[in-house]
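The values are calculated or read from the model by the stated rules, or taken from the named source; none is laboratory data. All values reported here derive from a predicted model rather than from experimental measurement. Glycine gets a Cβ as well: all are built from the backbone with ideal geometry, and neighbour counts include every protein chain shown.
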Amino acid sequence: MSARSNILNKLRSGLAGSIPRPDDFDERLVTEPWQYAPEDRITRLRNLMEAVHTEIHQVSSDNWPEKVAAILAERDLANLVHAPATAHGQQLAEYWQQSGSSVQLLAYDRPVEEWKEELFWEVDASITGTVGAIAATGSLVLWPDRHEPRLMSLLPPLHIALLKASEIEDNLYAMMQRQNWSAGLPTNLLLVSGPSKTADIEQVLAYGAHGPKELVVLILEDA
């Protein structure tokens, strides 16, 4: 018998005859202090995120690629990496083809080992989706997967995030319940409230030390 089996058997035998404690979790403790009128969620989210240097724009769900192009043009950036297998990635690619933009649209469609140098040192910006946002804390929620790996939101100096207005929740518990997180979580889930920043060196606040120097959020309203 393995050491693991011995340990588990001892734990099971130790529970023999015991009575489980009742679950006294009170949902109100994690929801009632952080509830907002639906029309106030965007305002609260914007106030909290803009306070930590996040740039936010409210755009239509059918013309957001035009805003992305404008953001890149304002910064004179050369390229943008996207996830071609996602619906928003396909929408962006279609716009790029029709508009004839001079900004190179890069596809994250291969293992990182095949283009590590380019991804780490030559990519100017990235665009990803989100699974929603939390008004109480002013946080985006990113759910990385094989189509949009975590590196897309971590490496490029500029990260553009797409957020549906209808997916802004009051608090984290409400989001977990509405999206049924208990049915299965990813290996990595990100809560992002602003661009990367640190004050570890001489207590001077610096942006971009551990991730994107800029975060731009496009809140997509129904067309």
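If you check 13, 60, 18, which single one turns out to be surrounded by 12 or more Cβ atoms within 10 Å (Cβ to Cβ), of a type in the set (Gly, Ala, Ser) and more than 28 Å from residue 122 (Cβ to Cβ)?
Values: 13 fails: surrounded by 12 or more Cβ atoms within 10 Å (Cβ to Cβ); 18 fails: surrounded by 12 or more Cβ atoms within 10 Å (Cβ to Cβ).
Just a single option satisfies the conditions, and that option is 60.
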Of all residues in the stretch 173-187 being touching a residue at least 40 places away in the same chain (Cβ under 8 Å) and in contact with a strand residue (DSSP E or B) (Cβ under 9 Å, 6 or more places away or on another chain), the one that is farthest from residue 152 (Cα to Cα): 174
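The rows are residues; the columns are (1) modelled with pLDDT under 95; (2) crowded, with 19+ Cβ neighbours inside 10 Å; (3) under 20 Å from residue 86 (Cα atoms); (4) touching a Leu at 6+ places or on another chain (Cβ under 7 Å).
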| site | (1), (2), (3), (4) |
| --- | --- |
| 135 | no, yes, no, yes |
| 138 | no, yes, no, yes |
| 142 | no, yes, yes, yes |
| 162 | no, yes, yes, yes |
| 165 | no, no, yes, yes |
| 169 | no, yes, no, no |
Just the residues that are surrounded by 18 or more Cβ atoms within 10 Å (Cβ to Cβ), without any contact (Cβ under 8 Å) to a residue 60 or more places away in the chain and not in a loop (DSSP other than H, G, I, E, B), please, taken from the stretch 147-160. 153, 159
Is it true that some residue in the stretch 72-81 is closer than 30 Å to residue 177 by Cα, crowded, with 17+ Cβ neighbours inside 10 Å, touching a strand residue (DSSP E or B) at 6+ places or on another chain (Cβ under 9 Å) and not acidic (Asp, Glu)? no
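Can you find even one residue in the stretch 137-146 that is assigned to a loop (DSSP other than H, G, I, E, B) and among the polar types (S, T, N, Q)?
First pass over the stretch 137-146, keeping only residues assigned to a loop (DSSP other than H, G, I, E, B): 137-138, 143-146.
From what's left, among the polar types (S, T, N, Q): 137.
Yes - at least one qualifying residue is present in the stretch 137-146.
Among the residues in the stretch 27-40, are any of a type in the set (Val, Ile, Thr) and either exposed (fewer than 12 other Cβ atoms within 10 Å of the Cβ) or touching a Lys or Arg at 6+ places or on another chain (Cβ under 9 Å) (or both)?
Checked the stretch 27-40: no residue is of a type in the set (Val, Ile, Thr) and either exposed (fewer than 12 other Cβ atoms within 10 Å of the Cβ) or touching a Lys or Arg at 6+ places or on another chain (Cβ under 9 Å) (or both).
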Looking only at the stretch 202-212, which residues are surrounded by 13 or more Cβ atoms within 10 Å (Cβ to Cβ) and either in contact with a Leu (Cβ under 7 Å, 6 or more places away or on another chain) or polar (S, T, N, Q) (or both)? 211, 212
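Being exposed (fewer than 14 other Cβ atoms within 10 Å of the Cβ) and within 27 Å of residue 58 (Cβ to Cβ) is the filter here, so list the residues in the stretch 178-201 that pass it.
Step one: of the stretch 178-201, the residues exposed (fewer than 14 other Cβ atoms within 10 Å of the Cβ) are 178, 180, 182-189, 191, 198-201.
Hits for the stretch 178-201 are 178, 189, 191.
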Counting only residues that are at pLDDT 90 or above and either of a type in the set (Asp, Glu) or within 28 Å of residue 178 (Cβ to Cβ) (or both), the stretch 1-25 contains a total of 0
Have a look at 19, 42, 7 and point out the one that is part of a helix (DSSP H, G or I), farther than 30 Å from residue 129 by Cα and either touching a Cys at 6+ places or on another chain (Cβ under 6 Å) or not acidic (Asp, Glu) (or both). 7
So, residue 125, is that one buried (at least 21 other Cβ atoms within 10 Å of the Cβ) and in contact with a strand residue (DSSP E or B) (Cβ under 8 Å, 6 or more places away or on another chain) or not? yes
